[in-house]
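The values are calculated or read from the model by the stated rules, or taken from the named source; none is laboratory data. What you see is a predicted model, and the numbers here were worked out from it, not measured in a lab. Glycine also receives a Cβ, built like all others from the backbone with ideal geometry; neighbour counts cover every protein chain displayed.
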Amino acid sequence: MGGLPLAAMRNRVSVLYSFGSTFVRHTAQLPGLMGRKSAPKVVAPRYPMYNPRIACGLLMVLALMAVWLARDRWLTLIGTALVERDSLEKASILFLLNGEENSRPLQAVSLYRAGMAPKVVIARECPISRSAFCYGCRSTTEASERVLKMSGIPKSNIVELQISGGVRSTFDEATLGLHYARLHNIRKIIVVTSEFHTRRAKWIFAGVFAGTSRQIMVAATPNGRYSTTTWWRSEDGRLGCWREYLKLAYYICRYGFVVPDKGVEMRIENVG
């Protein structure tokens, strides 16, 4: 029978022997390999898609940016909240409040010339005050009266109300105004004051005159140095605005509201 050549047979035997030796060797090492612990896998850290801290920080930044961009609008609202603008009607008197003697008396003169009232009434303030507007004037009351007279208002139409020690606050002025109105049966009064003072003045006069069926109107006088749309741009405006808010809070806590004593002793004088 024909068989494979001797060289071919040797070749096959050699391959089988080599394969068998390799198999035996690896089989002998298998228990050691099975006992080894595999090295831990290194997993790359996974960052969450949403981080609360980062989100809150971004929201705060966006809120601050919105406030800054809209600053003119909300600062204007802060100033406007202090201003009361009444529709004025003809009244019996113009009640001129002390202070801002470089602007309030001029507003009273303008209203007087427009025929809004035949008389200007002012309460003399305490003697410790001084006028920075009028050199030589002992008080802002005196400075205001001088402006009224120099503007052509007859002395007989300027009335000064006096109490011992002088008035020290808007509440004192409103109290004297009430007694004067009762004495002369006055029904309509125009209170002349600064623009930023109108809200507090209206609230005080309304409280003092409560239940008397008298009409109180306030005439807002422009400051000249700042307004509701520019007050934050100057030191005078910032001080004026925040000071008025502090005074308003004080008046609410202090009076909140008290009817004045009916027995106050008041003197009425025409300015000479």
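Quick notes on this structure:
- Residue in region 145-154 that is modelled with pLDDT of 90 or more, surrounded by 16 or more Cβ atoms within 10 Å (Cβ to Cβ), part of a loop (DSSP other than H, G, I, E, B) and touching a Gly at 6+ places or on another chain (Cβ under 8 Å) present: no
- Of everything in region 246-255 that is hydroxyl-bearing (Ser, Thr, Tyr) and surrounded by 15 or more Cβ atoms within 10 Å (Cβ to Cβ), the residue that is nearest to residue 80 (Cα to Cα) is 251.
- Check on residue 168, at pLDDT below 95, closer than 17 Å to residue 100 by Cα and surrounded by fewer than 17 Cβ atoms within 10 Å (Cβ to Cβ): yes
- Of the residues in region 180-187, at least one is buried (at least 18 other Cβ atoms within 10 Å of the Cβ), outside any helix (DSSP H, G or I) and at pLDDT 90 or above.
- Cβ-Cβ contacts under 7 Å between residues 6 or more apart (or on different chains), taken from a first residue in region 165-186 that is farther than 20 Å from residue 89 by Cα to a second residue that is assigned to a helix (DSSP H, G or I), are listed as 167/173; 167/176; 170/200; 170/201; 170/204; 171/204; 175/208.
- Residue in region 182-201 that is of a type in the set (Gly, Ala, Ser) and under 25 Å from residue 77 (Cβ atoms) present: yes
- Considering residues of region 193-220 that are among the aromatic types (Phe, Trp, Tyr) and either in contact with a Ser or Thr (Cβ under 9 Å, 6 or more places away or on another chain) or assigned to a helix (DSSP H, G or I) (or both) only, the residue surrounded by the fewest Cβ atoms within 10 Å (Cβ to Cβ): 203
- Flag if residue 74 is at pLDDT below 80, of a type in the set (A, V, I, L, M, F, W, C) and loosely packed, with under 11 Cβ neighbours inside 10 Å: no
- Taking the conditions (1) modelled with pLDDT under 90; (2) under 20 Å from residue 77 (Cβ atoms); (3) in a helix (DSSP H, G or I); (4) not charged (D, E, K, R) in turn, residue 223 satisfies each one other than (3).
- The requirement of being assigned to a strand (DSSP E or B) and not basic (Lys, Arg) is satisfied by residue 190.
- For region 44-71, the set of residues classified as among the hydrophobic types (A, V, I, L, M, F, W, C) and modelled with pLDDT under 60 consists of 44 only.
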